[in-house]
Amino acid sequence: MAAVSPTDLQKALSGAEYPADSDQLRKVAEDNHAPKEITDRIAHLGKKEFQSPAEVSKEVFRNE
């Protein structure tokens with residue numbers, strides 16, 4: 001996948017309400033016109049519920 005920065009991820013999730021699961025976060029990112037690389041990464045997080053943007057970033061960038 002193309003390089004995705006934490007800043008790009010947070011811009012994509014702007015306006016998200018927490019707690020939220022990956023499906024809700026993917027929808028927010030799509031509504032914010034995020035690149036496919038970001039929506040794909042969010043979609044692959046599984047059904048876990050996230051309590052904050054920091055939790056999402058930690059999970060997205062875990063294996064980098």
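Quick rundown of the values:
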| item | result |
| --- | --- |
| Debye, to nearest 20: dipole size of the chain, +1 on Lys, Arg Cβ, -1 on Asp, Glu Cβ | 100 debye |
| More than 19 angstrom apart: percent of Cα pairs within the chain | 15 percent |
| Phi-based couplings in Hz for the stretch 43-58 (Karplus 6.51, -1.76, 1.60; Gly and Pro marked x) | 4, 8, 7, x, 8, 4, 9, 9, 9, 7, x, 4, 5, 5, 4, 4 |
| Built amide H within the under 5 Å cut-off of Phe50, gap 5+ | Ala20, Asp21 |
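No lab work stands behind these numbers, since they all come straight from the coordinates. Small disclaimer: the values here were computed from a predicted structure and weren't measured. Cβ: placed from backbone, ideal geometry, glycine included. Neighbour counts: every protein chain shown.
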